[in-house]
Amino acid sequence: MSNTCQADKHQEVSEYYGSTLQKSEDLKTNACCTIQAYPEYIRKPLGMIHDEVTSKYYGCGLTIPHELSGCRLLDLGSGSGRDCYLASYLVGAEGNVVGVDMTDEQLAVANRHIGYHMEQFGYDRPNVEFRNGLIEKLSELGLEADSFDVVISNCVINLCPDKVSALREIYRVLKPGGEFYFSDVYADQTVPQHLVEDPVLYGECLSGALAEQDFMALAVAAGFNPPREVERSPITIENEAVQALVGDIRFDSITYRLFKLPASTKGEGAQGGSVTYKGTLETTPDCFELDLEHRFAVGAAVAVSEAVRLILANSRFARHFEFIEAASC
Ligand SMILES: C[S@@+](CC[C@H](N)C(=O)[O-])C[C@H]1O[C@@H](n2cnc3c(N)ncnc32)[C@H](O)[C@@H]1O
């Protein structure tokens, strides 16, 4: 897509979220705003978020992973700030949260309630700030390489016209061992160009969606390890006009986690030995779910692949596990 077309897309999306939509209920599909049951560690801070912030929430999943205390976290396409404020609570007074969005109206809502949340959470000074800019150009916002522990994003990457630059920028700003944990919309096939050009389908987070296989390839090309799927829910389209336009294309909302890791010396499919969860993650003491395929009950030794060992041993989860090398298993 040319630079002019990308700028037009940014403008179109910004108008959609700045003026066309006023609140979550204005959406025509549940692509942004899939309903879900929240876990206990989210319910408490969620109840403390300002109503105006919540009323303009347009996410499609839960993008708040475990073990955030003390982290520096970046939320891309932070909108009215709901996930930034959840993260602000969970990183604690010593942590730090940066939200980036390109839509003035959304940023105005987010900025309006910084003081309110500081008081709610009992902080002496704000630990969250919002910056106006493009995800594809984080360096222009002064966001340095290797400077964030965790990057999150909720229903936004599909809206980026230049997804290659977006993923490269995310990889760049993450510290080694850092994690990109995000929910987005994916299609079961490549979405045809005439649908990409439809402003409503694009704004509703449908026609900018990548086919899953294309996303996998882009993530690895940007430097990440292969994406790990955490959650998936089908998107239902009740609006008949929208359904007629998309025809037989199926969309899912999927939460993936991607890590910035050292290259494997053994090959990712090799035996990685065994790992035992110590039960020390405050928000999930009984078991830790890395993804849909890996659930670690406290105290139980589990044989893992080299790919999974690399994630656990090189990320912020390392101190919560005991590791036994493959050779001595
Ligand atoms: C579907 S809304 C999600 C907002 C927020 N994550 C939430 O869960 O409520 C998408 C948001 O991403 C922002 N956005 C989309 N593309 C962007 C880009 N390329 N750079 C910066 N912000 C972008 C929009 O302005 C909008 O606020």
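The values are calculated or read from the model by the stated rules, or taken from the named source; none is laboratory data. Fair warning: this is a prediction, and the values are worked out from it, not measured in the lab. When we count neighbours, we look across all protein chains shown, and the Cβ atoms used for this are built from the backbone with ideal geometry, even at glycine.
Evaluated against (1) more than 23 Å from residue 92 (Cβ to Cβ); (2) in a loop (DSSP other than H, G, I, E, B); (3) in contact (Cβ under 8 Å) with a residue 12 or more places away in the chain, residue 310 falls short on exactly one condition, (2). Checking the structure you have, find out if any residue of the stretch 174-189 is within 16 Å of the ligand (Cβ to nearest atom) and among the basic types (Lys, Arg). No, the stretch 174-189 contains no residue that is within 16 Å of the ligand (Cβ to nearest atom) and among the basic types (Lys, Arg).
Residues of the stretch 135-173 that are within 25 Å of residue 250 (Cα to Cα), among the aliphatic types (A, V, I, L, M) and either within 10 Å of the ligand (Cβ to nearest atom) or not assigned by TED's automatic domain parsing to the domain that holds residue 205 (or both): 152, 156, 157, 159, 166. Evaluating residue 80 against the criteria (1) in contact with a Gly (Cβ under 9 Å, 6 or more places away or on another chain); (2) within 10 Å of the ligand (Cβ to nearest atom); (3) not basic (Lys, Arg) leaves one unmet condition, (1). Screening residue 89 against (1) touching a Pro at 6+ places or on another chain (Cβ under 9 Å); (2) more than 25 Å from residue 174 (Cβ to Cβ) leaves a single unmet condition, (2). Pick from the stretch 1-25 the residues that are among the hydrophobic types (A, V, I, L, M, F, W, C) and surrounded by 18 or more Cβ atoms within 10 Å (Cβ to Cβ): which of them is nearest to the ligand (Cβ to nearest atom)? The extreme case among them is 13. Residue-level analysis places residue 110 among those that are within 28 Å of residue 13 (Cβ to Cβ) and out of contact with any Leu (no Cβ under 9 Å at 6 or more places or on another chain). Filtered by the rule that a residue be more than 11 Å from the ligand (Cβ to nearest atom) and outside any helix (DSSP H, G or I), the stretch 96-124 gives 96, 97, 98, 113, 122, 123, 124. Among the residues of the stretch 125-162, those that are in a helix (DSSP H, G or I), touching a residue at least 24 places away in the same chain (Cβ under 8 Å) and either among the β-branched types (Val, Ile, Thr) or out of contact with any helix residue (DSSP H, G or I) (no Cβ under 6 Å at 6 or more places or on another chain) (or both) comprise 135, 137, 139, 141, 157, 158.
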